[in-house]
Amino acid sequence: MRILIGQGSCGIASGAKKTADAFAHQLQVIGKNQVVVDKTGCIGICYLEPIVDVYEDDGKLTRYTKVTEDKVPRIIEEHIIGGVPVEEFIISDSGQEFLEKQTRIALKNCGLIDPENIDDYINVGGYEALKKALTQMSPEQICDEISESKLRGRGGGGFPTGRKWQQVRQQKEPVKYVVCNGDEGDPGAFMDRSIMEGDPHRMLEGMIIAGIATGSQTGYIYVRAEYPMAVHRLKVAIEQARERGFLGENILGSGVNFDIRINLGAGAFVCGEGSALTASIEGNRGMPRVKPPRTVEKGLFEKPTVLNNVETFANVPEIILYGATKFAQVGTEKSSGTKAFALTGNVNNTGLIEVPMGTTLRQVVMDIGGGVKNGKAFKAVQIGGPSGGCLTSRHLDLPLDFDSLKSVGAMIGSGGLVVMDEDTCMVSIARFFMNFTNNESCGKCVPCREGTHVMLEILDDIVEGRGTEESLDMLMDLASTISETALCGLGKTAPSPVMSTLSEFKDEYLAHVIDKRCPAKQCPGLARLVIDPVRCKGCGKCIRFCPVNAIRGSLKNPHYIDEDKCIKCKVCMESCAFDAIEYVQ
């Protein structure tokens, strides 16, 4: 019997380490040393963590969810010893459907193997694609296979991967590099982190195959220092791969050399841009440069470079092992395969999902995600992070693929999907992302450095009640200028959240600047607290709780709020036992 406990970052944050320790300790106490307790990565059902999978001798799997350490004794007593699964802890139907409605390729092993055990990866077919690439295919055939699969980069741009590899392979320069972008900086995105934590060997295998295809002998993984678990598991995986002969000199006796190094990023969002990333690896400040030359011609250390993200490399073993034709049968004609999304926000089932390209937004949010929380109405999703756009209810049946999203002014980006309900203020959302991009601007070009700052100031004025209709015109003018003149792709897409929300929710902007109210009642600068004299009993509780003495009134008589003193902290509203205090726009 084997017990696998999900110990990705989300699982550990939910208490999975304590759960694992409890299993190990209690099994040792009762002498059940033949029961193996192992870790695994995140299977994606983040809202049901900690997750415990019990595999019996006959291969039967029982999946338990929300297993805190206090539930461990019962599982051991009734299931491990008694042989009867604990029904009330078993995964719910919605949780099971969350997985069954997906098509997993890049994430196929996450949550099912021990990421720090190379034998687990080999036992599910790991490194078989590498063996095939070494013994049955030429570098050109590998590039052709990737091209025929129609795999496009999963980092946001959607550039054809095979074409990029072919361009690097054809460069006459003898020294070339393979770089994996693990600098996942979008708010709410954790696809690459989960792969690095849950199935690092799969990504390494994809990088090695890229090295063979392009004639490179060195690979770099640029990963966020804020991902310590991912870094640790990558280091373990690299060392194990070297010991087994999959990395280093003379790989599997083929005469091919390829090794991988890890570089830690310092958390700069701009280092997700290719030229800024390579500059950072070189030891320079991470800032974009003017193109051309392109990365495939002069990238890392001025040498031809293949640059793809974690998810892109994780798809490569599947293509090489089973063929381009099978891979291209999934997804759409121009966007083949699957895409991993981090589904977060006001949705019932939050977590990591992988679905075929072309799956509709409705299928993702309403079916897999279980709909909007608390029965609220769906309002929008922010897709693609700060570089993406806003999709609304009229886009629910829009296929999620590169070209369909581009046609409505949005982009897949790295794959973040933040769901928003009817109570979300879209102006505040635009301000949040503009604040992020302004803080993360590298400062190299004026349009991004100064333009995003001015746009943020305008949005501040709007949410605080100082905006005018002219403010909206200025926002659009600035957005257009930045998009056309910024140096890098991140700067050019920085205004996207503002442009898309202005396009889809202009009535909300107008309500803020003309009526001086926030329809979602979320902007403190446009709201005021009032006491209903009918419901107020004059108990004086709000007076005692107010931190700035802004409430007046005598005992048993209706009170009132001095708006000049009120700081709109809502403490009085929360303390009122008669619901007499309202937040009025």
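The values are calculated or read from the model by the stated rules, or taken from the named source; none is laboratory data. Since this is a predicted model, take the numbers as computed values, not measurements. Here the Cβ is made from the backbone with ideal geometry for all residues, glycine too, and neighbour counts use every protein chain on show. Side chains are part of the model used for accessible areas, which takes the heavy atoms of the whole protein and leaves out ligands, DNA and RNA. Shrake-Rupley method; radii C 1.70, N 1.55, O 1.52, S 1.80 Å.
For the range 480-585, divide the Cα radius of gyration by the Kirkwood radius and give the resulting Rg/Rh value with two decimals.
Dividing the radius of gyration by the Kirkwood radius yields 1.23.
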### Query
Per residue, what volume in Å³ does the convex hull of the Cα atoms of the range 300-361 enclose?
142
#### Entry: Unit charges on C-beta of K, R, D, E only; dipole of the chain, Debye
720
### Message
If you average the C-alpha positions of the range 236-291 and of the range 177-235 separately, how far apart do those two centres end up, in angstrom?
### Response
8
### Query
When you count, for each residue, the other Cβ atoms within 10 Å and take the mean per peptide, how do 102-109, 165-172 rank with the highest first?
102-109, 165-172
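For Ser407 and Val530, compute 0.36 nm times the residue count separating them, minus their Cα-Cα distance, and round to one decimal in nm.
Computed gain between Ser407 and Val530 is 39.7 nm.
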### Equivalent ellipsoid semi-axes - Cα gyration tensor, the range 1-147, angstrom
34, 18, 13
### Query
Under 12 Å Cα-Cα from Lys568, which aspartates and glutamates qualify once same-chain neighbours fewer than 8 residues away are excluded?
Glu582
#### Entry: Counting DSSP beta bridges with both ends in the chain, the antiparallel % (nearest 5)
55
### Query
Using θ = phi - 60° and the Karplus curve 6.51 cos²θ - 1.76 cosθ + 1.60, what whole-Hz ³J(HN,Hα) does each residue of the range 218-231 get, with Gly and Pro shown as x?
9, x, 10, 10, 9, 10, 5, 5, 6, 10, x, 5, 4, 4
### Task
Counting helices only, and only those DSSP H runs with n ≥ 4, report the 222 nm mean residue ellipticity of the chain as the sum of -39,500 (n - 2.57) divided by its residues, in deg cm²/dmol to the nearest 500.
-10500 deg cm²/dmol
### Task
Would you please calculate the Kirkwood hydrodynamic radius of the range 89-152 over all C-alpha pairs and express it in Å, rounded to one decimal?
14.8
### Summary
Farthest towards the positive end of the dipole of the range 275-315, among Ser280, Leu300, Val290 and with Cβ unit charges of +1 on Lys and Arg and -1 on Asp and Glu, lies the Cα of Val290
## Note on the structure
Here the averaged projected area of the chain, based on the convex hull of its alpha-carbon atoms and given in nm², is 30.3
### Message
Keeping all protein chains in the complex and leaving out DNA, RNA and ligands, what accessible area do you get for Val36 with a 1.4 Å probe, in Å² to the nearest 10?
### Response
70
### Task
Tell me the label-point distance for the pair Thr325, Asn284, using the 7 Å Cα-to-Cβ offset, in nm and rounded to one decimal.
4.7
### Query
Principal axis lengths of the range 164-302 from Cα atoms, whole Å, largest first?
42, 36, 22
#### Entry: log10 of Debye I(q)/I(0), alpha-carbon scatterers only, for the range 83-215 at 0.15, 0.18, 0.19 Å⁻¹
-0.89, -1.18, -1.27
### Summary
Given unit charges at Cβ for Lys, Arg (+) and Asp, Glu (-), the dipole magnitude of the range 426-576 about its Cα centre in debye, nearest 20, is 1120
#### Entry: Theoretical FRET efficiency, 1/(1+(r/R0)^6), r = Cβ-Cβ of Glu87 and Lys18, R0 25 Å, to 0.05
0.60
## Note on the structure
Rounded to the nearest 0.05, FRET efficiency between Cys569 and Ser94 (Cβ-Cβ, R0 51 Å) equals 0.85
### Task
Give the calculated FRET efficiency between Gln585 and Lys506 to the nearest 0.05, with a Förster radius of 25 Å applied to their Cβ-Cβ distance.
0.90
### Query
Can you give the % of DSSP beta bridges in the range 199-287 that are antiparallel, to the nearest 5?
10
### Query
Could you sort Val290, Val296 by accessible area so the largest value comes first, with the probe set to 1.4 Å?
Val290, Val296
### Task
Whenever you get a sec, compute what percent of the accessible area on the range 164-314 sits on carbon and sulfur atoms (1.4 Å probe).
47
### Message
Could you tell me the center-to-center distance, by alpha carbons, between the range 537-585 and the range 122-146 in angstrom?
### Response
70
#### Entry: When the convex hull of its Cα atoms is projected in every direction, mean area for the range 37-94 (nm²)
4.3
### Task
Return the distance in nm (one decimal) between the two label points of a simple spin-label model at Val29 and Glu173, each offset 7 Å from Cα along Cα→Cβ.
6.2
### Projected label distance in nm at Glu249 and Met229, using a 7 Å step from Cα toward the beta-carbon
3.7
### Query
Stretch Glu450-Asp367 to full length: gain in nm at 0.36 nm per residue minus the Cα-Cα span?
25.7 nm
### Message
Ignoring ligands, DNA and RNA, please state the percent of accessible area on the range 40-104 from carbon and sulfur, probe 1.4 Å.
### Response
46
### P(r) of the range 1-71 over all Cα-Cα pairs, binned every 10 Å from zero, in whole percent
23, 54, 22, 1
### Task
Calculate, for the chain, the solvent-accessible area per residue in square angstrom, rolling a 1.4 angstrom probe over the heavy atoms of the protein chains.
41
## Note on the structure
Eigenvalues of the alpha-carbon gyration tensor of the range 209-288, times 5 and square-rooted, give semi-axes in Å, largest first, of 26, 16, 8
#### Entry: Dipole moment magnitude, nearest 20 debye, the range 302-342 about Cα centre, only Lys, Arg, Asp, Glu C-beta charged
60
